[in-house]
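Visitor: Here it is, the structure, as structure tokens.
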């Protein structure tokens, strides 16, 4: 059964490798703050296509306290090459702490049974799930949830 609204944020400690930081950094940076955890894969074309739009969202909401954590979830053997993952992180300007979920323990903790990528999980400052969205239109759903979480910023954007 997938995570439900208001479920607590699952642990990220199943990751096998970290880029741009560590599990400890992630726990320190996300404690008591709204957090977006997003899953992506090197082999996911939609993920790559959506990275610029995601970057714009992060730029808009990071000053308001939004923390972001990337989770690379290999879907194929070629996705497990860490040099390829690191190159994709640089090419896609992923500046977030990025967990590599080679054993799919983080995927399982987030109950992403279908292995969707991209998939976005937005948690509030108390660590409770506010929305999850996947696929090509996932960022549209995420934008609506962010506007509810940060209503002043959303109102300013419309003026």
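The values are calculated or read from the model by the stated rules, or taken from the named source; none is laboratory data. This one's a predicted model, so the numbers in the text were calculated from it and none came from an experiment. Using ideal geometry, Cβ is built from the backbone for each residue, glycine included, and neighbour counts are taken over all protein chains shown.
Visitor: Among the residues of the stretch 47-55, is there at least one that is more than 20 Å from residue 136 (Cβ to Cβ), at pLDDT 95 or above and over 14 Å from the mean Cα position of the chain (by Cα)?
Guide: So in the stretch 47-55, the residues more than 20 Å from residue 136 (Cβ to Cβ) come out as none.
No - not one qualifying residue is present in the stretch 47-55.
Visitor: Going by the structure shown, is residue 12 touching a strand residue (DSSP E or B) at 6+ places or on another chain (Cβ under 7 Å), touching a residue at least 60 places away in the same chain (Cβ under 8 Å) and under 22 Å from residue 140 (Cβ atoms)? Write out each step before concluding.
Guide: Working: touching a strand residue (DSSP E or B) at 6+ places or on another chain (Cβ under 7 Å): yes; touching a residue at least 60 places away in the same chain (Cβ under 8 Å): yes; under 22 Å from residue 140 (Cβ atoms): no.
No, not satisfied.
Visitor: Quick one: in the stretch 107-124, of everything that is farther than 11 Å from residue 39 by Cβ and touching a helix residue (DSSP H, G or I) at 6+ places or on another chain (Cβ under 9 Å), which residue is modelled with the lowest pLDDT?
Guide: Ranking the qualifying residues of the stretch 107-124, first place goes to 113.
Visitor: Right, another one. Report, ordered by the first and then the second residue, all pairs with beta carbons closer than 9 Å, sequence separation of six or more or different chains, a first member in the stretch 82-104 that is at positive phi and in contact (Cβ under 8 Å) with a residue 12 or more places away in the chain, and a second member that is part of a loop (DSSP other than H, G, I, E, B) and crowded, with 17+ Cβ neighbours inside 10 Å.
Guide: 104/14; 104/73; 104/74; 104/112
Visitor: Would you call residue 73 crowded, with 16+ Cβ neighbours inside 10 Å, within 20 Å of residue 132 (Cβ to Cβ), free of Cβ contacts under 8 Å to residues at least 60 places away in the same chain and in contact with a helix residue (DSSP H, G or I) (Cβ under 9 Å, 6 or more places away or on another chain)? Can you show your working first?
Guide: Details: crowded, with 16+ Cβ neighbours inside 10 Å: yes; within 20 Å of residue 132 (Cβ to Cβ): yes; free of Cβ contacts under 8 Å to residues at least 60 places away in the same chain: yes; in contact with a helix residue (DSSP H, G or I) (Cβ under 9 Å, 6 or more places away or on another chain): yes.
Yes; evaluated as a whole, the condition is true for this residue.
Visitor: If you go through the stretch 48-58 one residue at a time, do you hit one that is surrounded by 15 or more Cβ atoms within 10 Å (Cβ to Cβ) and more than 28 Å from residue 151 (Cα to Cα)?
Guide: Scanning the stretch 48-58 turns up at least one residue that is surrounded by 15 or more Cβ atoms within 10 Å (Cβ to Cβ) and more than 28 Å from residue 151 (Cα to Cα).
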